[in-house]
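The values are calculated or read from the model by the stated rules, or taken from the named source; none is laboratory data. Given the structure is predicted, the values throughout are model-derived calculations rather than measurements. Positions of Cβ are generated from backbone atoms using ideal geometry, with glycine treated the same way; all protein chains shown enter the neighbour counts.
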Amino acid sequence: MSKDSRRGWALGLIALAQFMVIMDTSIIGVALPRMQIDLGFDPDDLSWVFNAYVVAFGGLLLLGGRLADLFGARRLFVVGWGVLAVGSLAAGLAPTAPIELAARAVQGAGAAMIAPAALTLLMMIFGGQPRELTRALAIYGAAAPAGGTAGVFLGGVITEYLSWPWVFYLNVPIAVLAMVATPALMPGGGARRGSLDVLGAATATAGLGVLVYAIVQAPQTGWDSIRTWLLLLVGAALLVGFIGLQAARREPLVRLAIFRAPGLAAANLAQFLLGAAWIPMWFYLNLYLQQVLGYSAFPSGAALLPMTLLIMAGMVVLAPRVIARFGTVPTVVAGLLVLAAGLGWLSLVRPDGSYAVDVLPASLVAALGMALAFIPSLGTAISAARPEEGGLASGIVNTSYQIGSALGLAAMTAVAAAYGADRIGQPDALTDGYAAAFLGAAGIAVAGAALAWFTLGRVSRTGDRSSGPAEHREAEPAGR
């Protein structure tokens, strides 16, 4: 196999990793009603089939990034696929709700190893070639929305024609193939000595989990209840405690000084807010299609395909050209504003609406915004760190997006419920709730654009050379 061919196959495997870890967040959506019946979930607890995965994924990503730096990205990539396979098999075989949630958390832990290792491997393979790196990041980025939509589509097909456990069993043969192919395709090395901050990882994961739980449960318990505020304070205290642990440890999970790297914190903030705006849109758009327009599982997944195709084309073809023409900061800001426009348009959905009028055009506008904003903010975040901390930077940016997704969805769930989204079988109330969630997500996107302009723009105006993956690498001295 030639060097170029091996690099192409390696990129394909890295993109597959991103596709799979994101697909596992969405593939269970259509299967949830049947899982509720078979496993005896209470209605209030059903959302944790989604949250258990996302919280474990987001909360352990920093540990995954650290493990990639310490033990080597290729080795952790293989281990992560193994953990994902075990969790998937257990989730499919689970006889009770608690075992199902535990298995979903194991899946999330596997994904938290795979994702930062995949990004580190991508940087190892393409990091020295700016144009190829930008293209590789575009393909990697396009795999995320493709995985999200494919999950909805495949979940509907599998649930309708097989049974819900197969949404988990699907992962097992793919994981085995990935573990077999990795040693031949991926570069080795990169391991170094150091210690693990397991307490820090546990504190971060617990803090995130408590915050998500508090926000999700707030509509039932009341935002003014002592229980809600106590949970919010506990979650915030755990996250503050995590920061304190990192500051005190000689070898922390996150070296806090890494955020002094110009552009790193700003790019991660953009990724956080991008996830917080995008995931609620995807979640409630699917519900609108099914619960208001009356689409079944298969058609609702198919209805999201145009949006996915535009995102993929936008990330691979359009975004690199826009970045080269206008620069990173304008591209991120424009992308977030276009996303906000699409979300604002979606907030006009009607109870008696149609796909062609109420969904398709607005979703395509939102997809274009996502395509423009994702690649430059991702590239800036992972190229700002030192080479030996590539795994940590990858873990941080993935964490930012996943935590933003979890907290954004939790917040918009509370907003939607306050406006009627919990009134199943009442299209008018459901539409009001979903419209409120779309409008709230639009507000998040606008805030993201303003903050990106201020923070990333300030870095650019002070002459920092890490404004984007291609720009950054081309500007560096050759001997670095």
Just to check your reading of the model, which residue among ALA437, ALA414 is crowded, with 24+ Cβ neighbours inside 10 Å, of a type in the set (A, V, I, L, M, F, W, C) and either modelled with pLDDT of 80 or more or outside any helix (DSSP H, G or I) (or both)? ALA437
Would you call ALA111 of a type in the set (A, V, I, L, M, F, W, C) and over 24 Å from LEU185 (Cβ atoms)? no
Number of the exception - ALA277 against (1) under 17 Å from the mean Cα position of the chain (by Cα); (2) of a type outside the set (Ser, Thr, Tyr); (3) not assigned by TED's automatic domain parsing to the domain that holds GLY408: (3)
For the stretch 47-63, pairs from a residue that is within 24 Å of LEU76 (Cα to Cα) and not assigned by TED's automatic domain parsing to the domain that holds ILE28 to a residue that is surrounded by fewer than 24 Cβ atoms within 10 Å (Cβ to Cβ) and of a type in the set (Val, Ile, Thr), with Cβ under 8 Å and 6 or more apart or across chains, are none
Quick one: count up the residues across the stretch 46-72 that are over 9 Å from MET113 (Cα atoms), in contact with a Leu (Cβ under 9 Å, 6 or more places away or on another chain) and small (Gly, Ala, Ser). 4
In the stretch 66-73, is there at least one residue being in a helix (DSSP H, G or I) and over 23 Å from ILE403 (Cβ atoms)? yes
Look through the stretch 10-30, keep the residues that are small (Gly, Ala, Ser) and part of a helix (DSSP H, G or I), and return whichever of them is surrounded by the most Cβ atoms within 10 Å (Cβ to Cβ). ALA17
Scope the stretch 224-249; condition outside any helix (DSSP H, G or I) and free of Cβ contacts under 8 Å to residues at least 24 places away in the same chain; matching residues: ASP224, SER225
How about the stretch 187-205: which of its residues are at pLDDT below 75 and closer than 25 Å to ALA56 by Cα? ALA191, GLY194, SER195, LEU196, ASP197
Only listed residue being assigned by TED's automatic domain parsing to the domain that holds ILE323, on the phi > 0 side of the Ramachandran plot and touching a helix residue (DSSP H, G or I) at 6+ places or on another chain (Cβ under 8 Å), chosen from GLY40, GLY92: GLY40
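Can you name the helices (runs of 4 or more DSSP H) wholly within the stretch 258-359 that have at least 1 residues being more than 19 Å from ALA138 (Cα to Cα) and polar (S, T, N, Q)?
264-287, 297-303
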Among GLN217, GLN271, the single one that is in contact with a helix residue (DSSP H, G or I) (Cβ under 9 Å, 6 or more places away or on another chain), in contact (Cβ under 8 Å) with a residue 40 or more places away in the chain, assigned by TED's automatic domain parsing to the domain that holds ALA112 and not hydroxyl-bearing (Ser, Thr, Tyr) is GLN271
